[in-house]
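Here, each number is a calculation from the coordinates, and none is a lab measurement. Since this is a predicted model, take the numbers as computed values, not measurements. No Cβ is skipped: glycine too gets one built from the backbone with ideal geometry, and neighbour counts run over all protein chains shown.
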Amino acid sequence: MEEIIVIIFGLIVGSFLNVVIHRLPLEQSVVSPGSHCPSCGVPIRFYDNIPALSFVILMGKCRRCKTRISVRYPLVELFTAFSFWLAYRFYFEQQPVYAGFCAIFLCLLIALALIDLEHQLLPDELTLGGATVFLIYAFFNPTVTPIAAIATAIGSALVFAGLYFFYLKVRKIEGLGQGDIKMMLLLGVFLGPDRLVIAVLLASFAGLLVGIFFIIFKGKNLQLKLPFGTFLSLGSYISLFWGRLILKAIQSLYMI
Ligand SMILES: [Zn+2]
């Protein structure tokens with residue numbers, strides 16, 4: 001029963017995340033006006049705004065103008081619900097408050113991943129705003145000491161700032177965005193040193209694979225710009241749940 005409540009709550013939050021992902025990069029308010037069709041502008045009625053379900057009932061089209069609704073909307077809702085369920089299964093029994101903050105962190109990752117993918121942008125509201133919330137939580141986080149959390153956040157942001165200026169001066173390109181530096185504050189302060197290292201490793205590995213794919217199959221060159229924030233989100237998502245397991249596996253490989 002509890003799990004069903006968690007999933008329904010995840011669907012509702014996912015519906016709000018869709019609004020954030022759509023409006024925040026356009027600097028529109030995320031509260032008003034209410035949801036409306038991006039094509040014909042007609043307000044969406046409450047019974048057509050049921051997460052995931054309405055998309056199926058309307059067969060992916062606006063009730064009035066029949067314009068196709070992006071499949072991203074129900075997918076974000078379903079994925080948010082799945083994420084909440086994961087956080088619940090992993091942490092709720094031992095650390096209910098921590099599980100709640102994991103859910104908030106996952107929401108930020110989902111929003112940052114999709115906004116960076118679409119706009120090559122990581123809004124300060126999410127990176128710095130999120131970092132501030134998790135800085136306060138660092139004093140209550142049962143998985144990382146406050147000193148380790150703050151040192152990881154500042155240290156990793158400095159490393160990324162160093163890389164940013166290195167690329168800018170030496171290679172005359174923006175290899176990383178300033179948003180990535182701010183995002184490290186958020187990731188570092190919540191994940192702590194061990195899981196952040198795994199998150200960045202996974203992100204770099206995923207970025208490398210996608211980069212090679214684009215260079216070989218799509219004829220792009222090495223100046224190709226990839227949304228690193230999307231990969232950082234992906235790496236952090238996996239690392240939040242399995243980072244310490246992955247670290248142990250890597251360590252045991254080197255013990256042999
Ligand atoms: Zn419409």
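Axis of helix 96-119 versus longest Cα principal axis of the chain: the two differ by about 80°, to the nearest ten degrees. For the stretch 1-93, the equivalent ellipsoid built from the Cα gyration tensor has semi-axes of 26, 15, 10 Å, listed from largest to smallest.
Only DSSP H runs of four or more residues enter the estimate; each adds -39500 (n - 2.57), and after division by the residues of the chain the mean residue ellipticity at 222 nm equals -23000 deg cm²/dmol.
Evaluated over the Cα positions of the stretch 75-127, the convex hull gives a direction-averaged projected area, one quarter of its surface, of 3.8 nm². For Phe9 and Val170, a Förster radius of 45 Å and the Cβ-Cβ distance give a FRET efficiency of 0.40, rounded to the nearest 0.05. Every Cα-Cα pair in the chain was counted, and those over 28 Å apart are 40% of them.
Listed peptides 27-40, 96-109 appear in the order 96-109, 27-40 once ranked by packing, highest mean of other Cβ atoms within 10 Å at the front.
For the stretch 121-256, take every pair of Cα atoms, bin their distances at 10 Å starting from 0, and report each bin as a whole percent. So the P(r) values, bin by bin, are 13, 38, 33, 14, 2.
The packing ranking of peptides 59-69, 9-19, 229-239, 124-134, highest mean first, is 229-239, 9-19, 124-134, 59-69, where packing means the average number of other beta carbon atoms within 10 angstrom of each residue.
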